[in-house]
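Each remark here refers to the structure printed beneath this line.
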Amino acid sequence: MNDAPITEARAAYEAARAAERAAVQGHAYVDGTYMPLADASIPIVERGFLRSDVTYDAIHVWQGRIFRLTDHIARFRASIAGLRMSLPHTDAEIAEILIECTRRQGLRDAFLMLICTRGMPHPGSRDPRMSRNRLYAYAQPFVRIATEAQQQTGLKMILAHTQRIASAALDQRIKNFHWLDLTMSLFEAFDRGAEVTVLPTADGAVTEGPGFNVFLVKNGVLATPNHNMFEGITRRTVTEIAADLQVTCEIRRIRAEELAEADEIFISSTAGGIAPVTNFDGRPVGTGRPGPLTTRLTDIYWQRHADPAFSTAIDFAPTT
Ligand code: PLP
């Protein structure tokens, strides 16, 4: 028996394990305790892990300022209430936990997560009401869906065959980790030479993609879906900027075929803001280059990050 290939594969596996740990940068808060992100973990029997009985919110810090902190905490609270969970923390305490994680990891551009899980199962019981809900949070380096290069050239998107989990089964306004429809749709994209997906409902309406909302532009009018998707804060920001620019933005049911005929398509997410889509289902969108309205909205979106009406400065001086 020749074990050499197995030994090599095992050595590569162990090296990858060590590299993964070394690559984790950031700081976490785990149910009352701060720690390096590499040390943060969730008990294997936690319902948040075993049942995906969890909600979360993703937030970002840009040039030392947290974007729309109050709106994110309000949305996190709504998700928690939607899953019939509760936390004893005040909004100010939640904000301070996020800020402390950011301060400890020290980066001026960061990606923050707030997570509320159902918690540990009560011994001998499967009753979710018996669990103490837990708060987790962390700050890590800023995360983007589109790379710098994709931001310039635009993303390649496909309409996935995989349907978005129906809001009738799981209200998609509650931020959730039932991500397998989104994740498996990405394999469809990779198999078809694309990078991102948008998922339909059973009756062919556009919903959203893995970690982002979707907009199209047709004849100068913006449109974004109104149903079976998460109501993104970046999406809200885009609609507000459009109103300021006196650009009509329709929030309505969008048929999948409309994307194929759009002049511009873009995605919106906390993870990188607005990113152009220049190829849809293998065909160029409009000119095949990022469109003028997409570029204008992107510029204003980033300008808003310095505006105290939309962002909160972090004091990076250590608290202790
Ligand atoms: N849709 C899904 C499924 C998401 O996970 C996200 C990301 O956070 C969004 C939309 C965009 O929401 P936001 O703009 O608040 O980041």
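Filter the range 202-220 down to the residues that are away from the ligand (no atom under 11 Å from the Cβ) and touching a strand residue (DSSP E or B) at 6+ places or on another chain (Cβ under 9 Å) and list them by number.
Selection gives 204, 205, 206, 215, 216, 217, 218.
I'm checking my understanding of the structure. Among residues of the range 164-174 that are within 16 Å of the ligand (Cβ to nearest atom) and over 20 Å from residue 113 (Cα atoms), which one is most open to solvent (accessible area, probe 1.4 Å)?
Looking at the filtered set, the residue picked out is 169.
Select from the range 151-191 the residues that are β-branched (Val, Ile, Thr) and within 22 Å of residue 255 (Cβ to Cβ) and list them in ascending order.
158, 162, 165, listed by residue number.
Among the residues of the range 121-163, write down those that are assigned to a strand (DSSP E or B) and buried (at least 18 other Cβ atoms within 10 Å of the Cβ).
Passing the criteria: 134, 135, 136, 137, 138, 139, 140, 155, 156, 157, 158, 159.
Of everything in the range 244-303, what is among the β-branched types (Val, Ile, Thr), under 25 Å from the mean Cα position of the chain (by Cα) and crowded, with 16+ Cβ neighbours inside 10 Å? Give them in sequence order.
The answer is 254, 265, 267, 270, 274, 277, 278, 285, 294, 298, 300.
Which residue pairs have Cβ atoms closer than 6 Å, lie 6 or more positions apart in sequence or on different chains, and pair a first residue in the range 179-190 that is closer than 18 Å to residue 156 by Cβ with a second residue that is open to solvent by 10 Å² or more (accessible area, probe 1.4 Å) and within 11 Å of the ligand (Cβ to nearest atom)?
182/210; 186/210
Kindly state which helices (runs of 4 or more DSSP H) lie completely within the range 1-113 and contain at least 3 residues that are among the aliphatic types (A, V, I, L, M).
Passing ranges, in order: 4-23, 69-82, 91-105.
Let's see how each residue does on (1) within 22 Å of residue 71 (Cβ to Cβ); (2) surrounded by fewer than 17 Cβ atoms within 10 Å (Cβ to Cβ); (3) within 12 Å of the ligand (Cβ to nearest atom):
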| position | (1), (2), (3) |
| --- | --- |
| 176 | yes, no, yes |
| 183 | no, yes, yes |
| 189 | no, no, no |
| 200 | no, no, no |
| 222 | yes, no, no |
| 234 | yes, no, yes |
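The values are calculated or read from the model by the stated rules, or taken from the named source; none is laboratory data. All values derive from a computational prediction rather than experimental measurement. In this analysis, Cβ positions are derived from the backbone assuming ideal geometry, glycine residues included, and neighbour counts consider all displayed protein chains. Surface accessibility is based on the protein's heavy atoms, side chains included, excluding ligands, DNA and RNA. Shrake-Rupley method; radii C 1.70, N 1.55, O 1.52, S 1.80 Å.
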